[in-house]
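> Quick one: this structure, given as structure tokens, is what I'll be asking you about.
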Amino acid sequence: MPDTFLSVPLFFELTELKAMEHSALLARHADYPFTDALEKALSKIEHRLQESQLEDLRRHVGSINVLSPSQGALLQPLLRELEQAVATRETLILHYAKSSSSSAQERHIDPYGLIYRLGKWYLTAYCHTREALRVFRVDRMKSLSLTGRTFEMPEHFSVQDYLSNVHEHQDQVTMDTPSVTVRLQGHTEALDAICNQWFLQPYLVVRRTEYEAEFHIQPDRMMKYMPYLLLSFGRSINVLEPKELRSALFETARDLANYYDE
């Protein structure tokens, strides 16, 4: 071993070991790109434990389970490529579909950072096509290739600060543009899921009770985002107002019924 390596034994408390094991469990179900390396490190630690310690640890670790949604194809290889490109500041060519129903388009991007939120991975990047920063959903990336070209990230750039600024900008747009009040009532779990939608958070005004929430949002954004989103929650959500949104839900549901009746 090199002279700089200190051969000092490490002693972990049971709670520390549990925390690391649970971190690996959560990482695996989140498609964390370096899950294999994390599990390998934990395996080395487990190898040094006494049998009684190992049995106690496994008993505690088995008390927590994670059910993750199927993503079709594992994202780990793609996430590893993206993380590497972020670290090396390499421009990428990306084929990206803005929605599940749209065709993929080619984008040249400078990747700035990855975000994991509510079961989804996102990439914040400078898009050369749009000449602006954009947030891309990783599971909508169809293909990825390296260009060999590097870029300079803006000094002191922070993904977290950028997302906060996006929300602040949307807040300002909301104040400067006429908006409508959307009042929703429903099951707590359904309202939690709606209020935690990243694109709706700037418009959330108040969570009146655990069963009711109020948004102030521009009419065009309301009609674009909310009908299909709210329909996905079925009868667990009721639109109290506005009448226009209730009508849009009715028309959307009728169109879907006609589609499946053909």
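> Might you check whether a residue that is over 22 Å from the mean Cα position of the chain (by Cα), among the basic types (Lys, Arg) and either more than 16 Å from PRO33 (Cβ to Cβ) or not in a strand (DSSP E or B) (or both) occurs anywhere in the range 99-113?
Checked against the condition, which is being over 22 Å from the mean Cα position of the chain (by Cα), among the basic types (Lys, Arg) and either more than 16 Å from PRO33 (Cβ to Cβ) or not in a strand (DSSP E or B) (or both), the range 99-113 yields no hits at all.
> Can you pull out every residue in the range 195-225 that is out of contact with any strand residue (DSSP E or B) (no Cβ under 7 Å at 6 or more places or on another chain) and hydrophobic (A, V, I, L, M, F, W, C)?
PHE199, MET223, listed by residue number.
> Right, next: Any idea which residue in the range 185-241 is farthest from the chain's Cα centre (by Cα), counting only those that are assigned to a helix (DSSP H, G or I) and of a type in the set (Ser, Thr, Tyr)? Spell out how you get there, then give the answer.
The first filter runs over the range 185-241 and keeps only residues assigned to a helix (DSSP H, G or I), leaving 188-195, 201-203, 219-231, 234-236.
Remaining after also requiring of a type in the set (Ser, Thr, Tyr): 188, 203, 225, 228, 236.
Values: THR188: 21, TYR203: 19, TYR225: 17, TYR228: 19, SER236: 23 Å.
Residue satisfying both the conditions and the ranking: SER236.
> Which condition number does VAL86 fail, the rest of (1) modelled with pLDDT of 90 or more; (2) within 20 Å of GLN197 (Cα to Cα) being met?
Checking VAL86 against (1) modelled with pLDDT of 90 or more; (2) within 20 Å of GLN197 (Cα to Cα), the one that fails is (2).
The values are calculated or read from the model by the stated rules, or taken from the named source; none is laboratory data. These numbers come from a predicted model, not from an experiment. Quick reminder, even Gly has a Cβ in these numbers, built from the backbone with ideal geometry, and neighbours come from all protein chains shown.
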